[in-house]
Every structure is written in structure tokens, then in C-alpha cells.
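Working notes, structure below.
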Amino acid sequence: MNVNPSPAPYRADPKITSLGDKIGDPVRPAQFPKAILRYRNDRWAATVGLDGLSDAAWIAHFGRFEPLPDNLPQPLALRYHGHQFRVYNPDIGDGRGFLFAQVRDHEGRLLDLGTKGSGTTPYSRDGDGRLTLKGAVREILATEMLEALGVETSKTFSVIETGEALWRNDEPSPTRSAVLVRLNHSHIRIGTFQRIAFEDDAARMEALVEYVLRNLYGVEPDGNPAAQLLRLAVPRIAEQAAGFMVAGFVHGVLNSDNINITGESFDYGPWRFNPTWNAGFTAAYFDQSGLYAFGRQPEAMHWNLAQLAISLRLICEAPPLVEALEGYPALFQSALIRRFLWRLGVDSRGTEEDRALVEAAERAMIDAEIPIADFFHHHRNGLPPAGRYSGEKHAAFADLVAPYARRPIAAYWTRHEPCSMLIDEVEAIWSSIAETDDWAPLHARIAAIRALGRALRDD
């Protein structure tokens, strides 16, 4: 999604209904005891014509889920399967969320308004369908930071505290509850295709592929639409993986049901920003094998694309799908180098020189355990390296970067400290809310993150 949102009128367009009644199940939202508006993202609400809603109307739509005009009459809990830590699970789907509405943005793109914590569905299994307020605050911080760092991500659209006491085994309980709404360019997941392949329904697979091509990629299907879709998805998801790496971000749970078909990051659970360039750093305490560790994320995305290709075999021969998959490594490397140079604020000198520079930068960060945000920030502000920024590996990086054309040093880089989002910072922001209901640190951090985003975009 565009990082320079512009105002647009409200345009309802519930295209999902064209896929029939097997794409999801109509559900009723939970009835919450309270509805306290904690966060509304008017910056992105303006792009879909909803920023003019009063707070009361906002709560009615995004806390009680009264239908938006001319939109879905009832929310849909979407159906999908997925590999969870490489184990296939046919018993999942939207378990604590649903698709609430579809709208067109300022560029005419079809966007989804989906929920998290909106109550139980047929796929809740033993869950309560709820979201902790802490989880909602964490998602605000993750999406704001990733957007600032140029990563395609869902936008946290709304957070409403709901007044229930929740019990969780991974945070002090009872804890406060919330319902979150996110704005995304599609909730169609790789797992959506996997479910249809599992059910051996070629007609529905053809319909889904056509839906995605026309409505999400904005192209007309060609003579082999399944291969066409994979050729479009591979570069998007390679770009997503590269974005994670340059941001120093670890999603934590890159299961095939958490990868959407447009290559946009969403569904933030145990995420972390890596303190240093540590390939083995994991975000989820339950990822004991390090399957989704920082350095393994690119491979995880490639593996998930392979599962998409396997699903598309239902309606397509293997050779064009294999050909599309084989392009992933080069596409990822190209995206990684381009994004790395962009964050450094230097212009490309050519593939081999750029590749060597990125590798030297990684070695410098690893050697001195330099915080990732610090490394990029101090390179941008032109200050001479000192202390842990010196040493053989950093000297090698300095020699390689010296011939590069640097963008002018903007005021932001000299007036501000590095903007990061490490776990201790997240916990401090949450503590202010949990202990004294003080939301000022959250709003201050959002402002700081958006200032970083503006500085990176302006450069």
C-alpha cells in the first residue's frame, strides 16, 4: 500500500461476494460490554473516505460492526487451510476475526477492512475469539514502524477497548481486551488456495485466481492464469522478505496462512525487531527450532510460495510454475540490495559493487554487534564512526561506501536520535498504559516513527 495516502471519497465495493458462499461463513460480532475508542487512523481513513466519521459513528462501525453503507450486510469469517510450522492443518480459518467491508482507495485499489478480536467463529476451536489490548497496541507499533521503513504492511485502522478481562498464558492476567480493525490489500492467503486444492475444486480455484488477478493485481487473465498469478506473486513476496530483512524485523510466524497473495505483511503476533544483525534471532518463544529466525525468513517465504505453486497444480501444469518459483532468489537479492542502499541513503553503483557493500555492512554490524537502527542512522547523519563503530570490519565497509554518491544530509538525521522499536521500548509503552492508563508515550512514539518515515521518503 502507498506510503503517501491521499483523500478520497467513500466507495464501497464488496467484490468478495463474487466468489460465492464457500469463501467464508457469515458470522455475528461479539457484543462487548464497553466500547472505548483508543486509536483511529485518520491518515489512512481519509484514503477510503471514512475520516469524516464522528467518534460515535466510528465506534458503531468498528466496535459494534454495524454495516457500512452498500457494503457487506454481514461479516464473513474467511475459510482457509495452511502449513503451521511446516505441518499441514485443515482445521483453521478466521478464528477471531472476519472480513467486515471492502472499499476502494484513492488509487482505485480494492482494500479490505478486517478484524482481530471480534468474537468467535466456526474456526475458533478452543479460543475465545478475543484480542488483548496489549496485542492491539503492539500491532499499532509494528505496522507504523514497518510502514515508515518502506515495508508493505497492513495498516492498523482502529483499536477499541472492549471492557472484558482476558486470561492469557503469555502475559499477566487478567488483562484488558480490545477489538482491532486493519486495512489491507486483501485477506486472501496462500492458505486460501491450499484449502481449495485440498477440496479438489478446480472450478473454485479458477474463480479465485481470476478474482485475484482482476481485483488485486488489476490485470486481465491471460492464457494460463495460474502461472500468471504465480509470476506476479513471486516478486511481491520476495520484496516482502527483503523488506523484513532491511528493517531488521522478525515476523515470528510465517505460516502459509499468514502470507497474503499480494505480498503485504499482516497478522502481527510475537513479532520483534532484531537488536543486532543476528541471523539466529527469533521472535516467538515457541519457535524452538528457529524455523522463522531472522536469517531464515527469505527461505520461509520461498517455501510458502512453493506451497502456492503446489496448490495451483490443480489447474496448471508444473513447468511454468517451477519457472516462476526459480526466479525468487534473484528477485530477493535484487530487492534486498535496493532497499539496503535506500535505507543507507546512497545511490547504486552497479550490481557487484552494491552487493559487496551490503555484505560489508552486514559484517560490520555483526562484528561489533551494532544496533541496526543505529547503524543506518549514524551513516545517514555523516558523523565519524567512533567506539564500537570502528574496527577492521567497519573500516572495510567505510572504504566501500566512500565512493558512493550520498544524498544530502537532511535536518532530521542531525536533530534526532535513532528511532527503533525494540522489545524493551514496546514494554515500556505498554507499561504506561497498563499501570496508569497513560497513552502519551504511545502517541509520542507514533509521531516519532512517522517523522522517520517522512525523512526516509523525502530523501
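Just so it is clear, none of the values below were taken in a lab; they were calculated from the coordinates. Only a predicted model underlies this, so the values are computations on that prediction, with no experimental measurement involved. Note that each Cβ is placed from the backbone with ideal geometry, even for glycine, and that neighbours are counted across all protein chains shown.
Quick look at the numbers
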item	result
Gap separating the Cα centres of region 401-459 and region 105-128, nearest whole Å	29 Å
Magnitude of the charge dipole, the chain, Cβ model with Lys/Arg +1 and Asp/Glu -1, debye to 20	540 debye
Listed candidates (i) 218; (ii) 147; (iii) 156 - label of the one calculated as volume of the Cα convex hull per residue in Å³	(ii)
For the chain, with +1 on Lys and Arg beta carbons and -1 on Asp and Glu, the positive-most of V209, L305, L166 along the dipole	L166
Peptide ranges 332-340, 237-245 listed from the most packed, as the mean C-beta count within 10 angstrom indicates	237-245, 332-340
Diffusion constant of region 281-370 at 20 °C, which comes from Stokes-Einstein with the Kirkwood Cα-pair radius and 1.002 mPa s, µm²/s	137 µm²/s
Kirkwood-based Rg to Rh ratio, region 15-187, C-alpha trace	0.95
Computed over the chain: relative contact order in percent, which uses C-alpha pairs under 8 Å that are six or more apart	13 percent
Region 93-203 - percent relative contact order, Cα under 8 Å, separation 6 or more	27 percent
Student exercise, region 244-346 dipole from Lys, Arg, Asp, Glu Cβ charges, in Debye to nearest 20	400 debye
Mean separation of Cα contacts under 8 Å, 6 or more apart, over the residue count of region 15-187: relative contact order %	25 percent
In range of the label at A279: residues from region 296-311 whose backbone nitrogen is under 20 Å from the point 7 Å along Cα→Cβ	296-304
Dipole magnitude (debye, nearest 20) for region 330-378, charges at Cβ of Lys, Arg, Asp, Glu	220 debye
Extension gain from T175 to R407, taking 0.36 nm per residue of separation minus the Cα-Cα distance	78.9 nm
Förster radius 25 Å - calculated FRET efficiency between E417 and F286 (Cβ-Cβ, nearest 0.05)	0.15
Inter-centroid distance (Cα atoms) of region 135-184 relative to region 282-312, Å	23 Å
Trypsin sites (Lys or Arg not before Pro) lying in DSSP loop within region 7-54, provided at most 16 other Cβ fall within 10 Å	R11, K22, K34
Taking the C-alpha atoms of region 192-289, convex hull volume expressed per residue in Å³	118 Å³
Region 19-81 versus region 249-270: alpha-carbon centroid distance in Å	22 Å
At least 30 Å along the helix axis (C-alpha) and Kyte average at least 0.0, DSSP helices within the chain	225-247
Top positive-direction residue, dipole computed over the chain with Cβ charges, set S431, Y39, P319	Y39
